[in-house]
Each structure stands twice: as C-alpha cells, then as structure tokens.
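Each value in this text was obtained by applying a stated rule to the coordinates, not by laboratory testing. No experiment lies behind these values; they were computed from the predicted model shown. Neighbour counts are summed over all protein chains in view; Cβ atoms, including those assigned to glycine, are modelled from backbone coordinates with ideal geometry.
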C-alpha cells in the first residue's frame, strides 16, 4: 500500500508541475501577442528608413533607443520580443522587421532555437533552415538595406545549471560557436555583414562574465553598454 501511495503522490506532483508549466507557457504566449500588437500599432508612426534592432529577449532588453538619443546618433527602433524563436520570428516578420523598411538592420534571432526539440528534429538543422529563410526574405524584400547579422552572445553554463540542475544544457558556448559559424557563412553568401561584439562580455574560459548575468543568459545594464560601445562604429 505504501508503494502505491508513493506512486500516486509522484504522479500528482508530475501532473501539477505539467499544469503549472502549461499555464506559464500560455501566459507567456499572451504576453508575446500583446507586445506584437503594440509594435504593430507603433509601426504606424515610425519613420521608415531608420536603424532597426530586432530579435528575442536579449534584443528586447537592449536600451538602444535611449543610448542613441543620449549619444546624438540616428534614430534606432527596437522590435525584440522575449522568447521568440526563428519560427515565431518568421510568423511575425512583417511587424518586427519588414514594415519598418530600415536603412540599417541589426538582427540577433535564434538563440532560443539552441534547445532540445520536442518533434525530434535536430536543433541545428532547424535553426539553419529558418535562418536561411529569414535571409532570403530580407534580401528579396529589402534589397537596399544594410544588414548586420550579429553573433549569438555567450552564456555562463554554471549559472544556467544552478538555476535548472536537472535539465541538460543544449545552449552551450560550443553549440553557440557552431551556430555563429553558420550565421557567418550565411552573411557571406547573402552579402550581409557578420559582426561579433562579444569581446568584453567573456571571461578567460569564454563564459559570459558572472558580473553581467543572474541566470547565465540575460544581461545587466553594464553588459548592454559594452555591446553598444562595440556596435557604435556600425551605426554612425
């Protein structure tokens, strides 16, 4: 009887955890939809032909508009949305990219694809295929735009493990380097620019500096300032 009781308890715990995860996922998706709708409304008032930064959470958190205003640089819009993968980016590409018809584009999308997939497809194959689709759309729709494909940022594996010790890490710096090589090759093929502004963010082992992150992935304000200082020559 004790064994059955323990099995029942474990099943209940699993079900509660799954229900909680599903609830968070649904809430997160609703937040993304709200942000997308806000961007859609804001796009009616932008000045086309300016600079655009777009991507996922690491781009959304980048206060590029404020930096540019403070430094007297040309207008830069930010259309990053946290949690976006290349799939969701492609679905929303009009709103988060094409509608602004930028003169310069800084793109960093795909780090959330560096993860185990539930459909069994290899994450690298999926990411590579979608990155190519994005490049094809940009080149076809915005032939005059100067495009900068940004290297994916490093992570701190120890901090990631501390927050989720039971989940295998796919988003390692080794896999990020592999993905960056793919992005660099696409930039060369499509006549874009590949830029790596990650120096100053990494320790002697190539890990994201612990001083710059709480979860091993996302940045503090000092890290964003480091990135901005290295991006500035491309923006003037």
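Miscellaneous remarks
- Computed FRET value (nearest 0.05) for residue 132 with residue 70, which takes r as the C-beta separation and R₀ as 41 Å: 0.65
- Between helix 221-235 and the chain: long-axis angle, C-alpha atoms, 0 to 90°, nearest 10: 30 degrees
- The long axis of helix 173-190 is offset from the longest Cα principal axis of the chain by roughly 30 degrees.
- Axis of helix 2-42 versus longest Cα principal axis of the chain: the two differ by about 20°, to the nearest ten degrees.
- For segment 47-235, share of DSSP beta bridges that run antiparallel, in % to the nearest 5: 5 percent
- With the helix formula -39500 (n - 2.57) applied to DSSP H stretches of n ≥ 4, the chain reaches a computed 222 nm mean residue ellipticity of -16500 deg cm²/dmol.
- Spacing of the two label points (7 Å from each Cα toward its C-beta) at residue 140 and residue 33, in nm: 2.8 nm
- Spin-label model, residue 190/residue 158: points 7 Å from Cα along the beta carbon direction are separated by 3.7 nm.
- Descending by average beta-carbon neighbour count within 10 Å, the peptides 211-220, 58-67 line up as 58-67, 211-220, the highest first.
- The order of the peptides 73-80, 227-234 by mean Cβ neighbours within 10 Å, most packed first, is 73-80, 227-234.
- Listed values (1) 19.5, 73; (2) 19.3, 63; (3) 24.5, 81, entry calculated as Rg and Dmax of the Cα atoms in Å: (1)
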